[in-house]
Amino acid sequence: MDIQQLFSEAARLEASDLHLIVGFPPMFRIHGVLKPMEATQTVTVPDAEQLAFTLFTPEQKELFLTNKEIDFSVASPVGRLRANIYYQQNSIAAAYRLIPSKIRTIDELGLPTICHEFVKLRQGLVLVTGPTGHGKSTTLAAMINSINMARAQHIVTIEDPIEYVYPKGLSIVSQREMHGDTHSWNVALRSVLREDPDVVLVGELRDFETIQAALTVAETGHLVFGTLHTNSAAQSIDRIVDVFPENQQPQVRLQLSSVIEGILAQRLVPAVAGGRMAVAEVMTATPAVKTTIRDGKTHLLDNTIQTSGELGMMLLESALLKAVKEGKISAETAVSYAIRPDEINRVLKGV
């Protein structure tokens, strides 16, 4: 097996991911569905080692053998890929995510129009949340590139690994990759304030230190974008607050209520026309939302979002129902991707 040929086949099939696991044929994820590579043998232990080690630098190989897993980016003739090499059942396995070379715009992705307002902000915190593989990085890249093309700013990204590479625009973009350009999320976020940034992208708000630093950067007058692996806007607020010790949580709620500007909780769902489309819950930081966060009453956020449609807010269920009514997705798809499927069924039966 040749890794570059596998990458070429993934690109030809318009796959989002390539998986290599011993005992299975190479597997491609196409429009969200895993499919085996046709007319090929299964991956053997020597295959897996050869395919993984071909791409490593000596430093990456040492890091992998020490930690048993590694994230890094790969440049190939078909474009960039995000790689995760790991061990499973004492054998090497790999997952590769293909990164499109062209950064699509907010409108091309069909994102909520409120995203155009998010990119006009000068400071605050904007979160894009959702499960792994549901387009968070693509959505963030569209918003960051919108700023890049429209304003003369210094944009600093901290990523693990770098995915999209931004073209030259009016802005200058410093892209820092974990392990290659910095050794620590915490150090990178502390250093970013000395790098004269206007906009900061944090690839993932993953722990107490990262979240604390991102809040501080936003609080000091910068626009911060970040991701969380959460399902809804309310859950995102709870996740941020809950990583802090209990005695610090009232202060964090106050801090978060002052910097949060918006949350996009998105899913990629199968479209009737083929492929997948983005559907998103939207929360914007109205005075009512900020008060609810500050007072620790996040259980009321869903109701606030539901009753604030005229302000651009929308629950995930409302976004799914809208897509059903527009004929873009099926009712079955809406039910299967909803956080509250009973709500979808109730409305559909009413219709």
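A few points about this structure:
Let's see how each residue does on (1) under 16 Å from residue 122 (Cβ atoms); (2) among the polar types (S, T, N, Q); (3) not assigned by TED's automatic domain parsing to the domain that holds residue 171:
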{"site": "207", "(1), (2), (3)": "no, no, no"}
{"site": "213", "(1), (2), (3)": "no, no, no"}
{"site": "218", "(1), (2), (3)": "yes, no, no"}
{"site": "222", "(1), (2), (3)": "yes, no, no"}
{"site": "231", "(1), (2), (3)": "no, yes, no"}
{"site": "237", "(1), (2), (3)": "no, no, no"}
{"site": "241", "(1), (2), (3)": "no, no, no"}
{"site": "245", "(1), (2), (3)": "no, no, no"}
{"site": "251", "(1), (2), (3)": "no, yes, no"}
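- Residues of segment 111-164 classified as at pLDDT below 95 and of a type in the set (Phe, Trp, Tyr), total: 1
- Top-ranked residue in segment 85-99 [being surrounded by 15 or more Cβ atoms within 10 Å (Cβ to Cβ) and without any contact (Cβ under 8 Å) to a residue 60 or more places away in the chain; ranked as farthest from residue 31 (Cα to Cα)]: 86
- For segment 168-185, a residue qualifies if it is modelled with pLDDT of 95 or more and of a type outside the set (D, E, K, R), and the qualifying residues are 169, 170, 171, 172, 173, 174, 175.
- For segment 120-163, taking the residues that are among the hydroxyl-bearing types (Ser, Thr, Tyr) and in contact with a strand residue (DSSP E or B) (Cβ under 6 Å, 6 or more places away or on another chain), the one that is farthest from residue 195 (Cα to Cα) is identified as 129.
Residue by residue, here is whether (1) within 21 Å of residue 133 (Cβ to Cβ); (2) modelled with pLDDT of 95 or more; (3) not small (Gly, Ala, Ser) holds:
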residue	(1), (2), (3)
12	yes, no, yes
19	yes, yes, yes
27	yes, yes, yes
33	yes, no, yes
37	yes, no, yes
42	no, no, yes
53	no, no, yes
57	no, no, yes
61	no, no, yes
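- Sole residue being out of contact with any Asp or Glu (no Cβ under 8 Å at 6 or more places or on another chain) and closer than 24 Å to residue 13 by Cβ, chosen from 81, 127, 140: 81
- With respect to (1) in a loop (DSSP other than H, G, I, E, B); (2) more than 29 Å from residue 101 (Cβ to Cβ), the lone exception for residue 167 is condition (2).
- Residue in segment 206-217 that is buried (at least 16 other Cβ atoms within 10 Å of the Cβ), in contact (Cβ under 8 Å) with a residue 60 or more places away in the chain and among the charged types (D, E, K, R) present: no
Yes or no, residue by residue, for (1) in contact with a helix residue (DSSP H, G or I) (Cβ under 6 Å, 6 or more places away or on another chain); (2) over 18 Å from residue 116 (Cβ atoms):
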{"residue": "266", "(1), (2)": "no, no"}
{"residue": "272", "(1), (2)": "no, yes"}
{"residue": "317", "(1), (2)": "yes, yes"}
{"residue": "329", "(1), (2)": "yes, yes"}
{"residue": "340", "(1), (2)": "yes, yes"}
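- Filter result (more than 19 Å from residue 148 (Cβ to Cβ) and either of a type in the set (Ser, Thr, Tyr) or not in a loop (DSSP other than H, G, I, E, B) (or both)) within segment 170-182: 178, 182
- Of the strands (runs of 3 or more DSSP E) lying entirely inside segment 4-111, those containing at least 2 residues that are closer than 18 Å to residue 161 by Cα and either assigned by TED's automatic domain parsing to the domain that holds residue 269 or under 22 Å from the mean Cα position of the chain (by Cα) (or both) are 17-20, 69-76, 79-88, 91-99.
- Where a residue in segment 136-161 is assigned by TED's automatic domain parsing to the domain that holds residue 188 and closer than 11 Å to residue 200 by Cα and its partner, wherever it lies, is modelled with pLDDT of 95 or more and of a type in the set (Lys, Arg), with Cβ under 6 Å and at least six apart: 158/176
The values are calculated or read from the model by the stated rules, or taken from the named source; none is laboratory data. Worth saying up front: this structure is predicted, and the values here are computed from it rather than measured. Heads up, the Cβs are rebuilt from the backbone with ideal geometry, glycines too, and the neighbour counts pull from every protein chain shown.
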